[in-house]
1. Test V352 against the stated conditions and say whether it is in contact (Cβ under 8 Å) with a residue 24 or more places away in the chain and touching a Ser or Thr at 6+ places or on another chain (Cβ under 7 Å).
2. For K243, work out the one condition from (1) over 20 Å from the mean Cα position of the chain (by Cα); (2) open to solvent by less than 10 Å² (accessible area, probe 1.4 Å) it doesn't fulfil.
3. Restricting to region 645-682, give me the number of residues that are of a type in the set (A, V, I, L, M), part of a strand (DSSP E or B) and away from the ligand (no atom under 16 Å from the Cβ).
4. Which condition number does L657 fail, the rest of (1) surrounded by 22 or more Cβ atoms within 10 Å (Cβ to Cβ); (2) touching a Phe, Trp or Tyr at 6+ places or on another chain (Cβ under 7 Å) being met?
5. Would you call V473 open to solvent by less than 30 Å² (accessible area, probe 1.4 Å) and either at pLDDT 95 or above or not in a helix (DSSP H, G or I) (or both)?
6. Scan region 342-369 residue by residue and report those that are over 21 Å from G319 (Cβ atoms) and open to solvent by less than 10 Å² (accessible area, probe 1.4 Å).
7. Regarding region 179-197, can at least one residue be identified that is more than 29 Å from D409 (Cα to Cα) and either crowded, with 22+ Cβ neighbours inside 10 Å or in contact (Cβ under 8 Å) with a residue 60 or more places away in the chain (or both)?
8. Looking at region 371-406, which of the residues that are among the charged types (D, E, K, R) and away from the ligand (no atom under 16 Å from the Cβ) is nearest to the chain's Cα centre (by Cα)?
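The values are calculated or read from the model by the stated rules, or taken from the named source; none is laboratory data. Not measured: the values here are computed from a predicted model. Counting neighbours? That spans all protein chains shown, and the Cβs are built from the backbone with ideal geometry, glycine included. Just so you know, the surface numbers come from the protein's heavy atoms only, side chains and all, with ligands and any DNA or RNA stripped out. Shrake-Rupley method; radii C 1.70, N 1.55, O 1.52, S 1.80 Å.
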Amino acid sequence: MTAVQPEPDIEVGVPKSAAAGLPAVAVSLGMAMKQMGPVRTARNLLRLNQVDGFDCMSCAWPDPDPEHRHTAEFCENGAKAVAWEGDTNRIGPDFFAAHSLADLETRSEYWMGRQGRLTEPMVRRPGGTHYEPISWDDAFALVAEHLRGLASPDEALFYTSGRASNEAAFVYQLFARAYGTNNLPDCSNMCHESTSVGLADTIGIGKGSVSLDDIHQADLIVISGQNPGTNHPRMLSALEIAKRNGATIVAINPLREAGLLKFNNPQKPSGIAGRGTELADHYLQVRSDGDLALWQALGHLLLRRGVADEAFIAEHTVGFAAYAEHLREIDRAEVLAATGLEWAQIEQLADVFARSTKIVNCWAMGITQHRNAVATIKEFVNVALLQGMIGKPGAGLCPVRGHSNVQGDRTMGVWERSPEEFLDALGAEFGFEPPREHGWDAVKAVRALRDGAAKVFVGLGGNFVSAMSDTGVTEAALRRARLTVQVSTKLNRSHVVCGGTALILPTLGRTERDRSGGTEQRVTVEDSMSAVHASRGRMAPASEHLRSEVGIVCGIAAATLGDRHGIPWTAFSRDYDEIRHRIARVVPGCEGYAEKIRARGGFTLPHPPRDSRTFPTTPGRAVFSVSPLAAVRVPAGRLVLQTMRSHDQFNTTIYGLDDRYRGIHAGRRVVFVSAADLAELGLADGDVVDLVSEWSDGVERRADGFRLVEYATPKGCVAAYYPETNPLIPLDSVALESNTPTSKWVVVRLERRVG
Ligand code: SF4
């Protein structure tokens, strides 16, 4: 394999100390105008996140109430996502005739994303070197032929990316289960699965308990393992309001991120002038995976400060005594080794907590993608229960989801291990017995493909090959499939790394009008705060051949199952209210769904801990938990890598080659490393290295040709972008209980590139 050459044009400058501002406006409009032109730019951006507009296809940050929406109700990365989808370039049969799979194999995600919108269904037949056109009916028949030809429905995998709407997700899981399997891996398996597990075990529901208003009212907001400036930028507006209301903000993150330091709100003259809102009052640059130790030390100190809300604990919780006993003493040396912090910083944090009466704790991937992520999240819950910070205004737990409808997909039943009650309701509604054996999540899906246990992979959106860990293993596994099917809007590597037979099924985007069945259709989504609302695109579709996600799923289902169980796939594809009436009868909290989503701004799903301090756990109370303090030691000369997004990226979609907040321009193959580690390893800023990860299977995984960038990160901790560094994450390196790849914790060594 040819060695990857360092990027010749890369420039490394000084990181920013403030997010957004005029540059965000310039970049947003620049990209939008370039890809969509002035008219489409105006039309799309003025409808983005508006009451009767369409929902941003990027992150899952909630929209303000209808009365408080801004004319420009979007951020830079929302605008980039719309521009990327609104791209006026088109790729169809001619493009695929000109570009063989071997050629596309050499192309970057960035290059593929810029080729334009997919326009027609395409097929790669066994042994074929190119994709060629296929009709929709033939495509559906081909999928049906493969699915019917399997020895067991469990040889098929139905993957969902968080972009899929609630209606598409509901019919998708219904199809998989009517077909006979629970193999419903989804992107949540790679991101907030640890949250779902940790919260379900302790408060009885795997979702956050706060509203936007709680953030505005809080007097303390803690942000752990999250970079909102890039991944949830409108969160900065909420933090600005909270600051104005007197809140203290604590950032806990290995890296100093501009979006946690200061927000220059581009919708305000002060923000345009660069005199925005200072954010973090306290910034703890904890070592990767040091959060568990930190929150145990915090719990210990809060117990010592006697701030326990005894009335709340007595009435609403179990397990407090064991928790208090576990933290009566704490191993300070272990805590300091694990966190890399000074004890005084932790004491100060405890003081801030002790004097706060309304605390919101926010987190994202920097917490969920570690081996002990679930234990860390349970410590978050412990501290919240200790102070009674759940189920009251201005307080609660706030996992922030990174994909627009990832939470909604799960609510609709896209889960490889849905609860019995959901399967009972589904079976009762549609008159069949759903499969009960749990299916395969994302990691198990790759193992099954690798081992030949799975033979068909269907992807409803997303870019599984690039998003998953252990790229070498994942790519080889997908290539072993008899059939891969990708429902997509634009070209990506999952179209190139494919099965013996491969299908690309082009679908409508969120910005586009959906006139399935001859009537204007809308879809629905659920944000990180359990608010469900409608989304309706108005733009003319990129091609007359496109079909909606619902239409594609129902087409495949009808071709595969015919009228088995009498499920009205055609009716569903012609009128989404038919789907919503079923959702109302199957999905808890969705009674009257079709009517509720017509209300201005939609509705919010029930959340018993938030709404009434009731906890649908086994004991019927919130559960304190006890976890061992397990700081993992790294061998000498090795470092802990966290993979992350640049500012010009959304998941595996690369909008551009800059990461301006971190001072990077025209390149992506960089590693952020501390001055102390550079000195200790005899390396220097600007050196080019190969990254090699080491794992118990003895296999050396490599990612080559990265430029070292000296950066403010804790000693022993380095950071680089995915998907370029996903090859380094072993498939079996997963979080306990949630099986989420440990993308934030990979042991690596740096090998200097000579010559
Ligand atoms: S904050 Fe998230 S949902 Fe909102 S516009 Fe930005 S990317 Fe889209």
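1. yes
2. Here K243 clears every test but (2).
3. So the count comes out to 4.
4. (1)
5. Details: open to solvent by less than 30 Å² (accessible area, probe 1.4 Å): no; either at pLDDT 95 or above or not in a helix (DSSP H, G or I) (or both): yes.
So V473 does not fit the description; no.
6. As a first pass, look at region 342-369 and keep what is over 21 Å from G319 (Cβ atoms): 342-352, 354-358, 360, 362-369.
Passing the criteria: I346, L349, A350, V352, V360, C362, W363, A364, I367, T368.
7. Going residue by residue through region 179-197, those that are more than 29 Å from D409 (Cα to Cα) are none.
Checked against the condition, which is being more than 29 Å from D409 (Cα to Cα) and either crowded, with 22+ Cβ neighbours inside 10 Å or in contact (Cβ under 8 Å) with a residue 60 or more places away in the chain (or both), region 179-197 yields no hits at all.
8. The extreme case among them is R371.
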